[in-house]
1. Can you give the accessible area of residue 206, probe radius 1.4 Å, in Å² rounded to 10?
2. With a ≥ b ≥ c the root eigenvalues of the C-alpha gyration tensor of the stretch 84-168, is it rounded (a/c under 1.5), prolate (a/b larger than b/c) or oblate?
3. Of the heavy-atom accessible surface of the chain (probe 1.4 angstrom), what whole percent is carbon and sulfur?
4. If you split all Cα-Cα distances of the stretch 128-188 into 10 Å bins from zero, what percentages do you get per bin, shortest first?
5. Over what distance in Å are the Cα centres of the stretch 30-99 and the stretch 110-170 separated?
6. So how long is each side of the stretch 113-162 along the principal axes, counting just the alpha-carbon atoms, biggest first, in Å?
7. Please give the calculated 222 nm ellipticity per residue for the chain, where each DSSP H segment of at least 4 residues contributes -39500 (n - 2.57) and the sum is spread over every residue; nearest 500 deg cm²/dmol?
8. Over all distinct alpha-carbon pairs, what is the Kirkwood Rh of the stretch 1-92 in angstrom?
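The values are calculated or read from the model by the stated rules, or taken from the named source; none is laboratory data. In this text, all values refer to a predicted model and were calculated from it rather than measured experimentally. A quick note on method: Cβ atoms are made from the backbone with ideal geometry, for glycine too, and the neighbour counts reach across all protein chains shown. Heavy atoms of the whole protein, side chains included, go into the accessibility calculation; ligands, DNA and RNA do not. Shrake-Rupley method; radii C 1.70, N 1.55, O 1.52, S 1.80 Å.
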Amino acid sequence: MLLLAIDTSTSAITVAVHDGSSVLAESSTIDARRHGEHLGPGIVRVLAEAGRSAADVTAVVSGLGPGPFTGLRVGLVTARTFAFARGIPALGVCSLDALAHQAWCEHAATGGFVVATDAPRTEVYWARYDVTGEGVLRTTDPAVAAPADVAAQLDGAPVVGRGGLLYPEVLPGRVGPLDVSAGHLADLAARLLASGADLSDVEPLYLRRPDAVPTAERAKAAEGVQAVR
């Protein structure tokens, strides 16, 4: 097995190569606005550092989000294109699960906790997790909400992810990593595959419509407004 892992759901453009047992190479760049510029060079860099080529990759796993539309789409399209060109499986893992898995691996939280990442419009993407003897278990579906709405459901649980850094007044007790690590995404995927999990669903978790609306859609919406008037 040689997994190429990609995630662009957060401020980190992160890529890693994993051989099924450990991470061979990882590259992460923090830049919330230039995912497309950093992702390609990141892939080239990790393959070179691992001493492998594109022909050695047996599957591509991407973080499915949730995340902002433009950044998330860059990673997903790149992963699917790579997999299609090589004729290998494209796999998917919830990006919040990858952050939760990293927090568990780093012993950042020993009980229940919340993962909250940055969503534009003063909101966060979030989900709640419980720690088990074998890892973490997500107990709520990924969602997007105002930080105050998430805070009302914390019950004292710590917060993993950039959401706690951005909104410390309502999401206190931040612990663990800020952004997704492709190395931990790959490690989680390898563990899930070893347990027989099906990771073939690669539908993105956008959770809401993009800020940029195509011209045709704007025109249609304007027609609807005129009709109402």
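1. 50 Å²
2. Working: a/c = 2.28, a/b = 1.34, b/c = 1.70.
In terms of gyration-tensor shape, oblate.
3. Numbers: 5830 of 10820 Å².
Of all accessible area on the chain, carbon and sulfur atoms account for 54 percent.
4. P(r) over the stretch 128-188, rounded to whole percents: 19, 53, 27, 2.
5. 24 Å
6. Taking max minus min along each principal axis of the Cα atoms, the stretch 113-162 gives 37, 18, 18 Å.
7. The helix-only estimate for the chain comes to -11000 deg cm²/dmol at 222 nm.
8. On the way: mean 1/r = 0.0785 Å⁻¹.
12.7 Å is the Kirkwood radius here.
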